[in-house]
Amino acid sequence: MPVAAVGGRRFLLLTHACFVGMLLRVSGSTLARAGLGGFCITSRIAPPSRPAVAAFLPTLPTGRRRRIHSASSSSSSSSSTSPNDGISPSAPSSEYTGTSTTRRRKRTGSGGPKLSRDFVGVAKATDTGRFRAYSAEQFIKGASGLPVTSKERPYFTVLGIETSCDDTGVAVVRSDGVILGEALASQYQIHEQWGGVVPGLARDAHASVIDSMVQEALSKAGLANAGEVDAIGVTVGPGLEICLRVGSETAKGLAEKYKKPFVAVHHLEAHCLMARLGQPLVEVEEEGLREEGGKEEGGVASTLPLARFPFLALLVSGGHCMILECGDVGRYRILGGTLDDALGEAYDKAARLLKVGSGAAGGPAMELLAREGNPKAVALPVPMKGKKNLNFSYAGLKNAFRMAVTRVRESQGGGEEGGEEGGELDHQTKADLAASFQNVAIQHLEDRLERAMKESEGRGIHTLAVVGGVAANQAIRTRLQALCEKRTVARKREIEKERAWVEEMEGGGEVTAATAAATAAAAVAEELPAWELVVPPPRLCTDNGVMVAWAAIEKLRLGYSDVLEGQDVHARWPFANLEKKKEEVEAVAGGGESRP
Ligand code: KG4
Ligand code: ZN
């Protein structure tokens, strides 16, 4: 621990660590999930005797899917890996002054009032609904202006800035999804020694590179200054307040100076919308702009599928682990969240136990190692097996993994210490452990997603997007691709079962409302296309400026921008529950203030 190493500063740091610990404890297990909100929606379970009828009734429009294109890319200025293991408990800085919280949390013990474990997504101990909710209901039509386009110049460009945690990302993206210029500065080396992100250091690192990152992205786009883009977007929450402020102040300054439309971006929404990067729009009379796929409408050809609304999203990163239904820009329904650790966090901690990679480099290191290992070598419990909801829990797996590492170390004569202090394991043993961890971690994703997919089919959804840093994992992509195929086949079987049941009933002379509904539902389900997996390219899964620019583009294309004046950052910014009525959303948002 750094605390031990600093001699005279020991007391100060211990005090600081306790203070941080207290903060983290007060905020419960969800500081990492600062942006989440809403209650989990329990799955509908089909009665065993007959297939679920209601599950097939669509309540949201489906659309024709076409393959269109995503953007070209340009190189980033540095590695996209970033430290990511929560706030460092041994934060060195007396500079960490704020009570700003983080989307990456560190659990420091039990405590705080016990609340329902079904309450997912906001800090259990502290969030009583007073945090401003994020919802399309609060969007304002062209509040700070809209980019001007014409027949000759149909696209506009946006400068996007991301500084919510430990990556300074800037990009210039065109409204058809083409990435014109991109720059990324990772703070990996700064935080590595502390075993987690140190907010004060992160803020200073953002501040020291932000201007050069902006310049680099603009130059790569062939632009002289921000006056040559059409709008500016920036992440204003959720995240580390003092870090968010660096990007937000820079973006506001540029928008002010060059009189550009300004868009306040929600970090989690930006991750989700990456599944749509390059989704083109067409003009539709009366309705204005609407998304439409296909080259023939002017989209850019792509080999990657793009998600069209509505779609299901698995958001897995260092601070988040959740399943959402994405209905439109600003309209999200949270189906499940994590009750404790996020998946990326669990990966990073497991990596630390095996002494491979540190911080956010842990996830990729574990993936590489797992490729050489036997996934069945070590028996680990699949979390929440049999629990019929859509929530996640990775703390149990993490602990079981720690115990497994201890056992193996003992058997290899490496001492009893199971933590990071324990002896070195041989390479194959590490690989087996990593593969076993990854296998079970993905199994948990599959269990939850299979249930969520079945439920979402009832709302006409047939696209699964996997977003966030962990989506860069190839093993996860492969397994979830197989899951999509499995669910498509299962749906066919369920339709057949449904039909057989109807025939049996009708054969017995029982033509009821139920059989009629079942017939209609089966017909609808039959029309649903196969499940399709959409995952952004790996380097765009982790935090970056492109996702911010693209999220701003999505909002601008619908005619919304944000007021510059009084614009602030939000360490917590939960998604409004879709079920909530507009008035409730406004009440939660505090009303009266002029922001989205
Ligand atoms: O989205 P992101 O950059 O930051 C957050 O918003 O948290 O995600 C970083 C997380 C880290 O926990 C990192 O270990 C994980 O994503 N990650 C991976 C892989 N690449 C990044 N986890 C598993 N396998 C990977 N290939
Ligand atoms: Zn992120």
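The values are calculated or read from the model by the stated rules, or taken from the named source; none is laboratory data. Computed from a predicted structure; not experimentally measured. Neighbour counts run over all protein chains shown; Cβ positions are idealised from the backbone, glycine included. Remember, those area values only see protein heavy atoms, side chains included, never the ligands or the DNA or RNA. Shrake-Rupley method; radii C 1.70, N 1.55, O 1.52, S 1.80 Å.
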Any hit, the range 460-479, residues being more than 16 Å from ligand 1 (Cβ to nearest atom), polar (S, T, N, Q), assigned to a strand (DSSP E or B) and closer than 29 Å to M547 by Cβ: yes
Residue under evaluation S456, criteria (1) assigned to a helix (DSSP H, G or I); (2) within 16 Å of ligand 2 (Cβ to nearest atom); (3) open to solvent by less than 10 Å² (accessible area, probe 1.4 Å), criterion not met: (2)
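For every residue, the table says whether it meets (1) in a helix (DSSP H, G or I); (2) away from ligand 1 (no atom under 16 Å from the Cβ); (3) closer than 17 Å to L324 by Cβ.
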{"position": "G386", "(1), (2), (3)": "no, yes, no"}
{"position": "R402", "(1), (2), (3)": "yes, yes, no"}
{"position": "N439", "(1), (2), (3)": "yes, no, no"}
{"position": "L445", "(1), (2), (3)": "yes, no, yes"}
{"position": "R448", "(1), (2), (3)": "yes, yes, yes"}
{"position": "E496", "(1), (2), (3)": "yes, yes, no"}
Checklist (1) over 30 Å from A361 (Cβ atoms); (2) open to solvent by 20 Å² or more (accessible area, probe 1.4 Å) applied to Y188, failing item: (1)
Where a residue in the range 149-166 is farther than 21 Å from Y560 by Cα and its partner, wherever it lies, is outside any loop (DSSP other than H, G, I, E, B) and away from ligand 1 (no atom under 16 Å from the Cβ), with Cβ under 6 Å and at least six apart: T163/V246
Scope the range 196-210; condition open to solvent by less than 20 Å² (accessible area, probe 1.4 Å) and more than 20 Å from A552 (Cβ to Cβ); matching residues: G196, V197, V198, P199, G200, A202, A205
Residue, surrounded by the fewest Cβ atoms within 10 Å (Cβ to Cβ), within the range 317-339, restricted to residues that are within 16 Å of ligand 1 (Cβ to nearest atom) and under 20 Å from V265 (Cβ atoms): L324
Test: residue in the range 338-345 that is within 24 Å of C484 (Cβ to Cβ), under 20 Å from the mean Cα position of the chain (by Cα) and assigned to a helix (DSSP H, G or I): yes
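Based on this model, can you work out whether V172 counts as open to solvent by less than 10 Å² (accessible area, probe 1.4 Å) and over 30 Å from R352 (Cα atoms)?
Details: open to solvent by less than 10 Å² (accessible area, probe 1.4 Å): yes; over 30 Å from R352 (Cα atoms): yes.
Yes.
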Selected residue (criterion: nearest to P310 (Cα to Cα)) from residues of the range 491-507 that are open to solvent by less than 60 Å² (accessible area, probe 1.4 Å) and without any contact (Cβ under 8 Å) to a residue 12 or more places away in the chain: A500
Evaluation of A361 against (1) away from ligand 2 (no atom under 16 Å from the Cβ); (2) in a helix (DSSP H, G or I); (3) modelled with pLDDT under 95 (one fails), failing number: (1)
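Residues being in contact with a helix residue (DSSP H, G or I) (Cβ under 8 Å, 6 or more places away or on another chain) and open to solvent by 10 Å² or more (accessible area, probe 1.4 Å): count how many of those fall in the range 515-542.
Matching residues across the range 515-542 total 12.
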Candidate set from the range 246-280 (those that are open to solvent by less than 30 Å² (accessible area, probe 1.4 Å) and assigned to a loop (DSSP other than H, G, I, E, B)); member that is nearest to ligand 1 (Cβ to nearest atom): L277
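Across the range 364-376, what is the number of residues that are assigned to a loop (DSSP other than H, G, I, E, B) and open to solvent by less than 50 Å² (accessible area, probe 1.4 Å)?
As a first pass, look at the range 364-376 and keep what is assigned to a loop (DSSP other than H, G, I, E, B): 371-376.
Checking the rest, the ones that are also open to solvent by less than 50 Å² (accessible area, probe 1.4 Å) come to 373.
Summing the residues that are assigned to a loop (DSSP other than H, G, I, E, B) and open to solvent by less than 50 Å² (accessible area, probe 1.4 Å) in the range 364-376 gives 1.
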Hits in the range 179-225 - residues which are of a type in the set (V, I, T), modelled with pLDDT under 95 and outside any helix (DSSP H, G or I): V197, V198
Residue check for A224: under 20 Å from the mean Cα position of the chain (by Cα) and farther than 19 Å from A360 by Cβ: no
Neighbours by Cβ (under 9 Å, 6+ apart or cross-chain): first from the range 356-384, outside the structural domain of V198 (by TED's automatic domain parsing) and within 11 Å of ligand 1 (Cβ to nearest atom); second in a loop (DSSP other than H, G, I, E, B) and open to solvent by 50 Å² or more (accessible area, probe 1.4 Å): S358/Q193; A361/S79
The listed residue being of a type in the set (V, I, T) and at pLDDT 95 or above, out of V265, V282: V265
Residue match in the range 512-530 (condition: within 16 Å of ligand 2 (Cβ to nearest atom) and at pLDDT 90 or above): no
